[in-house]
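A quick write-up on the structure given underneath.
The values are calculated or read from the model by the stated rules, or taken from the named source; none is laboratory data. A quick note: this is a predicted structure, and the numbers were derived from the prediction, not measured. We place every Cβ from the backbone using ideal geometry, glycine too, and count neighbours over all the protein chains shown.
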Amino acid sequence: MDRRDFLRNSGLTLTGLLLSPWAVYAFPSREGEILIPFLDQPPEPPAKRGLLDWNELDSFITPNDKFFNVSHYNKPEVDVTTWNLEISGLVENPVKLSIDDIKARPKKDVTFTLECSGNHGFPTFTGAIGNAKWGGTPLAPILKEAGIKEEGIEVIFFGHDSGEEKRRGVTMRQNFARSMSVEDALQDANLLCYEMNGEPLPQPNGAPLRLIAPEWYGIACVKWLKRIEVRDTRFMGRFMGRDYVTIREEKRPDGETVWMETSVGKTQIKSLAAKVTLLGRNYRIYGAAWGAPIRKVEISIDGGPWQEATIDTEEDAEFAWKIWHLNWENPTSGEHTVVSRAIDTKGNIQPAADSDFIKGKHTYWESNGQVVRKINIE
Ligand SMILES: Nc1nc2c(c(=O)[nH]1)N[C@H]1C(S)=C(S)[C@@H](COP(=O)(O)O)O[C@H]1N2
Ligand SMILES: [Mo]
């Protein structure tokens, strides 16, 4: 038995072991099982578009070379020897930090599932999600040392990438930028990140430094950081106030309909049935759940009663997806539907696709509804 066989037989993943000698990430694969793909596959192979192929989900950690990328402008090559991070605006002590300054600060890792808020489901744009162990230094102490002035209410994160924008007859070149309130920016979990799965942060993922904001959709995790600026007004740039804006039709208890436009923000509870496999005569459904602290995951087959799935990741990774599975006993031959729903520690349930919450949402961002998948069993 070589090392690979041993790992397979023991149910451990090679990636997990190689990436983190101190922790073993189990994935509940069964040696020799074969994939029965869902019928609702994306029209183009996801890997071709750099997206996660749910059919291939077999590790808790998404390897760097399989991690999706979203970049709205260019993908700048930043010269790290001259690069620095500017902290400016309404702060007592503006600073410029080199990469060495940042690496000299206390190091922290966070395993966080980063999902693009545009990841809206089968069969269209799916797989804009990955789970990595991000390494860096906490943001809050740096902001506190800079000393946010009392009138500062907004923290803007600027990237090195830029593009031409046209608004109200004005043509301008803008850098990618996203903001947070001072309170949100000071959350303990936020990292200035220079490492991904134990390797230097890859260039497409924002080298030399990006923001990792666990609890937020991918859009908040600004790559190729250039400047962090504190201001006394709300920021309304393209990616805060135009793109990545959710339009929702909300019904008030008194019957009035209110159309809300909100900037994409924190992650929302979500799960997906990723794949079905067969070993001998035993079918198993695998999937993931994320976006909130997950308490349990339930599966309904052909619209039947909700059955609780087994959650397989054991380590205490607050911001990481949970991998789950359910053995599917004796499915009849023919077409079936499989749908999962996640329930968080406060009892909130992932909304159904036909709920008012999802039906009232007229834009594709923040699509956290239940995804009904179709499968044919021979
Ligand atoms: N500077 C910069 N940061 C960015 C973006 C960008 O275009 N420019 N895209 C955002 C979006 S929409 C997402 S989903 C994530 C994707 O991160 P990844 O490319 O590492 O997967 O980065 C975010 N940070
Ligand atoms: Mo995104």
Checklist outcome for this item: Of the residues in region 217-262 that are within 19 Å of Ile153 (Cα to Cα) and aromatic (Phe, Trp, Tyr), the one that is farthest from ligand 1 (Cβ to nearest atom) is Phe235
Next on the checklist: Looking at region 238-246, can you tell me whether even one residue there is in contact with a Gly (Cβ under 7 Å, 6 or more places away or on another chain) and not basic (Lys, Arg)?
Outcome noted: no
Checklist outcome for this item: In region 289-319, anything closer than 14 Å to Val372 by Cα and assigned to a strand (DSSP E or B) is listed as Glu298, Ile299, Ser300, Ile301
Checklist entry - Can Gly130 be described as within 30 Å of Gly287 (Cβ to Cβ) and away from ligand 1 (no atom under 15 Å from the Cβ)? => result no
Next on the checklist: Quick check on my filter: what residues within region 176-200 are over 16 Å from the mean Cα position of the chain (by Cα) and without any contact (Cβ under 8 Å) to a residue 60 or more places away in the chain?
Outcome noted: Met180, Ser181, Val182, Glu183, Asp184, Ala185, Leu186, Gln187, Asp188, Pro200
Next on the checklist: Which of the strands (runs of 3 or more DSSP E) found entirely inside region 206-265 contain at least 1 residues meeting this: within 16 Å of ligand 2 (Cβ to nearest atom)?
Outcome noted: 210-212, 245-251, 257-263
Checklist entry - Out of (1) in contact (Cβ under 8 Å) with a residue 60 or more places away in the chain; (2) away from ligand 2 (no atom under 16 Å from the Cβ), the odd one out for Glu150 is which? => result (1)
Next on the checklist: For region 157-176, give me each residue that is part of a strand (DSSP E or B), surrounded by fewer than 20 Cβ atoms within 10 Å (Cβ to Cβ) and of a type outside the set (Asp, Glu).
Outcome noted: Ser162, Gly163, Lys166, Arg167, Val170, Thr171, Met172, Arg173, Gln174, Asn175
Item to check | Enumeration of residues in region 181-205 that are surrounded by fewer than 22 Cβ atoms within 10 Å (Cβ to Cβ) and within 16 Å of ligand 2 (Cβ to nearest atom) | outcome: Pro204
Checklist entry - Looking at Thr171, is it of a type in the set (Ser, Thr, Tyr), within 15 Å of ligand 1 (Cβ to nearest atom), modelled with pLDDT of 95 or more and farther than 22 Å from Val80 by Cα? => result no
Checklist entry - How many of the residues making up region 318-357 are out of contact with any Asp or Glu (no Cβ under 6 Å at 6 or more places or on another chain) and basic (Lys, Arg)? => result 2
